[in-house]
1. For segment 9-30, how many residues meet the condition of being over 14 Å from residue 232 (Cα atoms) and surrounded by 16 or more Cβ atoms within 10 Å (Cβ to Cβ)?
2. What do you reckon, is residue 223 more than 22 Å from residue 72 (Cα to Cα) and either more than 14 Å from ligand 1 (Cβ to nearest atom) or over 15 Å from the mean Cα position of the chain (by Cα) (or both)?
3. Evaluate the following for residue 210: is it under 16 Å from residue 89 (Cα atoms), buried (at least 18 other Cβ atoms within 10 Å of the Cβ), more than 16 Å from ligand 1 (Cβ to nearest atom) and touching a residue at least 40 places away in the same chain (Cβ under 8 Å)?
4. Return the total of residues in segment 148-183 being at pLDDT 95 or above, in a loop (DSSP other than H, G, I, E, B), more than 11 Å from ligand 1 (Cβ to nearest atom) and buried (at least 18 other Cβ atoms within 10 Å of the Cβ).
5. As an exercise: evaluate residue 193 against (1) in contact with a helix residue (DSSP H, G or I) (Cβ under 9 Å, 6 or more places away or on another chain); (2) away from ligand 2 (no atom under 16 Å from the Cβ); (3) more than 17 Å from residue 106 (Cα to Cα) and give the number of the one condition it does not meet.
6. Test of understanding: among 125, 116, 129, which residue is part of a loop (DSSP other than H, G, I, E, B) and within 23 Å of residue 80 (Cα to Cα)?
7. Residues to consider are 107, 102; find the one that is buried (at least 21 other Cβ atoms within 10 Å of the Cβ), modelled with pLDDT of 95 or more and in a loop (DSSP other than H, G, I, E, B).
8. Of all residues in segment 153-177, how many are away from ligand 2 (no atom under 16 Å from the Cβ), closer than 19 Å to residue 56 by Cβ and free of Cβ contacts under 8 Å to residues at least 40 places away in the same chain?
Ligand code: BJW
Ligand code: ZN
């Protein structure tokens, strides 16, 4: 690691320990080292599948079987993966800092599996299902003889995730916005920051004067306005940050 990076990590560790509230926005890149594909990279999911055919309500209404097949494949993949050193580092930060809130766009449950207790899921969770008509949560879904799962009300059961054109859960986005406005330090990790309204959170943190840090191997629109941008994988950078916080705390 360069001397510049070591100095940047030490500065950040100090700011993290001084902060009363730390906000963290995570995206698909955080789970890449666990084996979950990202969306927009060259080897990302949407180079193989067209989002407009799968991740929106119209697609589900017109071809629910196709959408379910895609989500069953991803649910199966996500049921087999484990948190990586980046997730565990964020979980350890929770025990070292005054308050940390993980705001995630990911639907894979890996922050909770790693041990973070204050996790805001903006785009839902692939482990849950709900009725598309009445909204009732449904635990197990079965596909009897190729028939699609249906609710008692006659509505179609779907994964409890947020598709394009749908509103984010109100309580979660309000809380996330509040954190972006109040946190003294805000980290944006493994997200391309292009999908709104989640993408607006780190920019709001910049606006209100938080110390904003990005961790991503690639540049994003946030990079030029962040106070520090660590260009590397979160599974490598985050453990180094936690190590520095641990040393400083003593
Ligand atoms: C690493 C790494 C490593 C690699 N370590 N990093 C304002 C302007 C324009 C459009 C809109 C707007 N407001 C709303 C919209 C419309 C739309 C939107 O934002 N579109 C944009 C694409 C322009 N937003 C919506 O529709 C949202 N709803 C909404 O706003 O409702 C109100 C409304 C309705 C109608 C009209 C207007 C307003 C809903 C958004 C729901 C997003 N859903 C998805 C799919 C979920 C289901 C599923 O998974 O199947 O959520 S889209 C997809 O993108 C998924 C992700 O959570 C989300 C964000 O992606 P993310 O996490 O950033 O992944 P990538 O792949 O883009 O980036 C990965 C990054 O990791 C890269 O940068 C890598 O470099 C990095 N990386 N390895 C760290 N090891
Ligand atoms: Zn129903």
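The values are calculated or read from the model by the stated rules, or taken from the named source; none is laboratory data. None of these values were measured; they are calculated from a predicted model. As a convention, Cβ positions derive from the backbone with ideal geometry for all residues, glycine included, and neighbour counts pool all protein chains shown.
1. Matching residues across segment 9-30 total 14.
2. Taking the combined requirement at face value, the residue satisfies it.
3. When the stated conditions are applied, residue 210 does not pass them.
4. 1
5. Result: residue 193 passes all but (3).
6. 116
7. Residue meeting the stated conditions: 107.
8. The initial filter retains those residues of segment 153-177 that are away from ligand 2 (no atom under 16 Å from the Cβ), namely 161-177.
Next, only the ones that are closer than 19 Å to residue 56 by Cβ stay: 161-169, 173.
Applying the additional criterion that residues be free of Cβ contacts under 8 Å to residues at least 40 places away in the same chain yields 167.
So the count comes out to 1.
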